[in-house]
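Asker: Okay, handing you the structure first.
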Amino acid sequence: MPLSNDIILRPRFKWNVAENPEIVLDRLEQSGKISTDFVVSRVDPHIFIRIPKHKQHFWSPQLHLEIIKDAPSNGALVHGLFGPNPTVWTMFMFVHFVAAILIIAISIWLYTAISLGQELLLPLLLLVVLILLWVSLYIMGRLGKQKGTQEMKNLHEFMKNSLKDFS
């Protein structure tokens, strides 16, 4: 699976498998029971493949697979989505949202201060600090993605090996 250096927060892929979706789901579940390197859980047509807790770090990714029936080929279509732990993702998006709201609010404050001829130091300083925070969040996200790239490849390889008979 090639990973470009584009701004892709949560890489996705699709894969056609020439087998019934239920058999594909069962195979992935069985592979997870055998493996000590990955934890596999299933919820209806969804499979979540994760790194075990004792091997995880803050940026460890997980692979979410949705296996659905592919009508034209009578097989299965595997939709894959790599992403961070949902708690990390939610926290990261919340901090981005708060930073964006504060940047807008402080920009309004700065504009008002300029219009009224008031002191500009505090709103200008806060705006610069928030923009630096936002840039640092971006850099942290890129570094986290880079740190989790090998684990993403391992998750993808595990999935492919579990389904190699079906491709």
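Asker: For a quick protection proxy, order the peptides 143-153, 104-114 by their average other-Cβ count within 10 Å, most packed first.
Answerer: Ranked from most to least packed, the peptides come out as 143-153, 104-114.
Asker: Taking N as the number of residues in the chain, what is its Cα Rg relative to 2.2 N^0.38 Å?
Answerer: Working it through for the chain, the quotient is 1.42.
Asker: Among 135, 24, 39, which one shows the highest mean-square fluctuation when the chain is modelled as a Gaussian network with alpha-carbon springs under 10 Å?
Answerer: Of the options given, 135 has the highest mean-square fluctuation.
Asker: Rounded to the nearest 500, what is the 222 nm mean residue ellipticity of the chain from helices alone, with -39500 (n - 2.57) per DSSP H run of 4+ residues and division by all residues?
Answerer: Value at 222 nm, helices only, nearest 500: -19000 deg cm²/dmol.
Asker: Hey, another quick one. Could you work out how far helix 21-34 tilts from the main Cα principal axis of the chain, as a 0 to 90 degree angle to the nearest 10?
Answerer: 80 degrees
Asker: With everything on Cα atoms, drop me the angle between helix 121-162 and the longest principal axis of the chain, reported from 0 to 90° to the nearest 10.
Answerer: The answer is roughly 10 degrees.
Asker: Still on this structure, please answer the following. Taking 0.36 nm per residue of separation and subtracting the Cα-Cα distance, what length does fully extending residue 71 through residue 99 add?
Answerer: 5.6 nm
Any read-out appearing in this document is the output of simple, stated calculations on the displayed coordinates, not a laboratory observation. All of these numbers come straight from a predicted model, not from anything done at the bench. Methodologically, a virtual Cβ is constructed for each residue, glycine included, from the backbone with ideal geometry; neighbour enumeration extends over all protein chains shown.
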